[in-house]
Structures are given as C-alpha cells and as structure tokens.
Amino acid sequence: MKGGNGSNISFLRQFVLDDVPAGTFAIFNAILWVQQSGEKWHRLPATFPPAQTCYVKLLEWRRTGHLQKNAEVIDAIQTEMK
C-alpha cells in the first residue's frame, strides 16, 4: 500500500498475514486503497489485481465476516503503534 500508512501495512503483512497467499494480500491491499483514498473502483491503479476481482472478494469477505475481522486486526495494530 502506498501512502502514509505503508509502514502499518508492512507491519501487518510481516506479523499477521504471513500465511496468506500473495494474491489475497494484494486484493486486501486494493480494498484498503479504495477505502482510504475515497476513489472509485474504476480508478484502482494497475499495480493491483483487477478491480472487479477485488470488488467481488470484498463482497464475499463482508458476507462471511472476514472483512470485519481484518478491520479489527488493523485497528488493534494501529492503536499499538501510536
């Protein structure tokens, strides 16, 4: 993830998501980019997986509760880093 929270995302990758496949992490990063930048999905940079793939995964993770769990982990890490 590019931007001010890059170090937080690197920390998350290193200590929490080491067993997650790289493609899944790239999708998670894309979702974070859209949420933090406020941009629309069609503006997703080409460095991420296709926007449609990421959006479908977002919907799946919302439905299964995985997105909420990941958000809680990120919040906890950011709180610890302050």
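Looking only at the stretch 68-81, residues that are aliphatic (A, V, I, L, M) and more than 12 Å from the chain's Cα centre (by Cα) come to 3 in all. For the stretch 7-37, taking the residues that are of a type in the set (Gly, Ala, Ser) and under 17 Å from Val73 (Cβ atoms), the one that is modelled with the highest pLDDT is identified as Ser10.
Filtering the stretch 35-49 to residues that are under 19 Å from Leu67 (Cβ atoms) and in a helix (DSSP H, G or I) leaves Gln35, Gln36, Ser37, Trp41. I need the full set of residues from the stretch 32-67 which are over 14 Å from the mean Cα position of the chain (by Cα) and among the β-branched types (Val, Ile, Thr), in order please. The one that is over 14 Å from the mean Cα position of the chain (by Cα) and among the β-branched types (Val, Ile, Thr): Thr64. For the stretch 38-47, state whether one or more residues are modelled with pLDDT of 90 or more and on the phi > 0 side of the Ramachandran plot. Yes - at least one qualifying residue is present in the stretch 38-47.
Looking only at the stretch 48-62, count how many residues are modelled with pLDDT under 90 and out of contact with any helix residue (DSSP H, G or I) (no Cβ under 6 Å at 6 or more places or on another chain). Before you say what the answer is, go through the steps one by one.
Pass one, the stretch 48-62, residues modelled with pLDDT under 90: 61-62.
Restricting the remaining residues to those that are out of contact with any helix residue (DSSP H, G or I) (no Cβ under 6 Å at 6 or more places or on another chain) gives 62.
Here the count works out to 1.
The values are calculated or read from the model by the stated rules, or taken from the named source; none is laboratory data. It should be emphasised that the depicted structure is a prediction, and the values quoted were computed from it without experimental measurement. We place every Cβ from the backbone using ideal geometry, glycine too, and count neighbours over all the protein chains shown.
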